[in-house]
1. Over the protein assembly as shown, what is the percentage of antiparallel beta bridges among all DSSP beta bridges, to the nearest 5?
2. Two decimals is fine: what is log10 I(q)/I(0) at q = 0.11, 0.13, 0.17 Å⁻¹ for the range A:48-266, from a Debye sum with one equal scatterer on every Cα and no solvent?
3. Considering every pair of different Cα atoms, what Kirkwood radius, in Å, is found for the protein assembly as shown?
4. Under 10 Å from the Cβ of B:Trp59, count the other residues' Cβ atoms, weight Lys and Arg +1, Asp and Glu -1, and hand me the total.
5. Please report the orientation-averaged projected area of the range B:1-47, defined via the convex hull of its C-alpha atoms, in nm².
6. What is the interface area between chains A and B, defined as buried accessible area summed over both chains with a 1.4 Å probe, reported in Å² to the nearest 100?
7. Using the heavy atoms of the protein chains and a 1.4 angstrom probe, tell me the accessible area per residue for the range A:48-266 in square angstrom.
8. Leaving out same-chain residues fewer than 8 places away, which lysines sit with a Cα under 25 Å from that of B:Lys121?
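The values are calculated or read from the model by the stated rules, or taken from the named source; none is laboratory data. Since the structure is predicted, the reported quantities are computational estimates derived from the model, not experimental observations. Note that each Cβ is placed from the backbone with ideal geometry, even for glycine, and that neighbours are counted across all protein chains shown. Areas reflect the complete protein model, heavy atoms only, side chains present, ligands, DNA and RNA absent. Shrake-Rupley method; radii C 1.70, N 1.55, O 1.52, S 1.80 Å.
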Amino acid sequence: MSGELVVTHNWFVRVVGKLGRNVLGIVSWLGDMASITTSSLALIFAPPWQGRHVVLQLYALGVGSFIIIAITGAFTGMVLSLQGYYTLAKFGSESLLGSAVALSIIRELGPVLGALMLVGRAGSSITAEIGIMRVTEQLDALQMMAVNPRARIILPRIVAITIATPLLVSMFDIIGLGAGYVVGVEMLGVNAGAFTGEMVAKILPEDLYAGWVKAVVFGFLVGSVCTYMGYRAVPTTEGVAKATTQAVVIGSVGILMMDYILTSFFL
Amino acid sequence: MIRSEKLTRRFGDVTALDQTDVSIREHAITVIMGGSGSGKTTLLRLLAALDIPTSGSVWFDGDDLAQVSSKRLYELRARMGMVFQYSALLNSLNVYDNVAFPLHEHTKLDESVIRTVVSMKLEQVGLRGFEHLMPSELSGGMAKRVAFARALAMDPEVVFFDEPTSGLDPISAGVVTTLIHDLTQKTKMTSIVVTHDVQAGLAIADHVILLWQGKVIAEGTADEIRQSTDERVSQFIEGRPDGPIPFSRSTTPYIDDLLHSSGGVNS
């Protein structure tokens, strides 16, 4: 607002002013999202109990995303095995392939790629669904029928996707390792005993925990960003389209940023 | 029973509703009319506590809806029903579950009792036998009647109607207005109808409130409104394009725009 009072042609002041407005915008956006997410989650202890709706969302978001997770996991494992083989072969250490594939998938690629696929598959559908409920006044209709949309719509989706993500990431890991085994052992001829032996020896429980913690955090991030973007969507067709795009972009970037932060903690 | 006191709602710099005092007659139909942007939908949303006023109060019996706790508001909502402009049926549920929704949420009635109630409500709107259809399979008029049945499910004291005839063919519009009239008489409920449909509005109204630019410009029975000598009222009733309510909404003199602007709006 002060930008309108001070008319200036000094580019430095303009740039700093614009930067300041953007930072303020981001901070208030984050604050609003945190307030909606926490006020929704707080209702987990308030009657009526939303267990049935959590299960319904677990099915829709979790089971519904399994195929895409399985396909992504399989091809990730396959390409890792292939790339890893040619790199390791240069040093004559093909026998390390099993542990290389397993560590990459479990610590890094499983949670990150899994969560990125979930933003695209489940997150976008959450935002679009809630946004359309906003446009068609269904959220207002719930209010008028004395049903709190934060408890009924937002809460079950955040909880469901936070539970579903580590489960789906685990499946991503298992399928990825299996596919890596097929490519490495059956196609490229790495010794089966060396592949599995190295894999089992090099993976520690900490690696599994690190992957799961990441998955839980990413799931929560996807849930809160995507429900928020839908809930606050501008109630027009264009508004919902924009909100869905933004949810996927912000969710994906958020996952990558959070991944760096979490990785730096676990190393 | 419901009245507003110095009710004001601003959206940014725009005052949608300005110090409005209205009082709603009990067991009767109050029709709120006005052109686009007159503030009638804003007024309805404030009376239904779907929006929070910038200042002023909405009294529902002894409670100020602008001040009550959300718990108390949910209690009061059990006494209200609303039929939305686009019906706002929950599109994941069929007609039966939509009408039964408030009963499932707020009562512990046996399913057999709920089934009877739903049948009764659907019979009142003439749609018994359509329980199994999904909202996407209904025509606009039918969806509005189902929404009406849903609003009646809890036997509310007050029912709000937002543009009940907009987007409907003349026959469906006639059916819906007749339903509002008949059911208000039979059930002794209080109906608040927002519409720009002058003929339908005047035909069923016990009390008319006419808004213009966020203010009440006329109030009274349908006949009083028809015979009003206020130029603005008769312009609206007769639907003349120009008069005290101007045709042109441009804010700057046309000649200035043509002669002085050098392409930019803000130059």
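1. On the way: 18 of 36 bridges.
Expressed as a percentage, antiparallel bridges in the protein assembly as shown total about 50.
2. -0.58, -0.74, -1.07
3. 27.2 Å
4. Values: positive: B:Arg3; negative: B:Glu5, B:Asp61, B:Asp63, B:Asp64.
Net local charge, B:Trp59 excluded: -3.
5. Numbers: hull surface 13.4 nm².
Seen from a random direction, the Cα hull of the range B:1-47 projects 3.4 nm² on average.
6. Values: alone 14320 and 13990 Å², together 26680 Å².
Using a 1.4 Å probe on protein heavy atoms, the buried area is about 1600 Å².
7. Heavy-atom SASA per residue in the range A:48-266 reads 43 Å².
8. B:Lys108, B:Lys144, B:Lys186, B:Lys188
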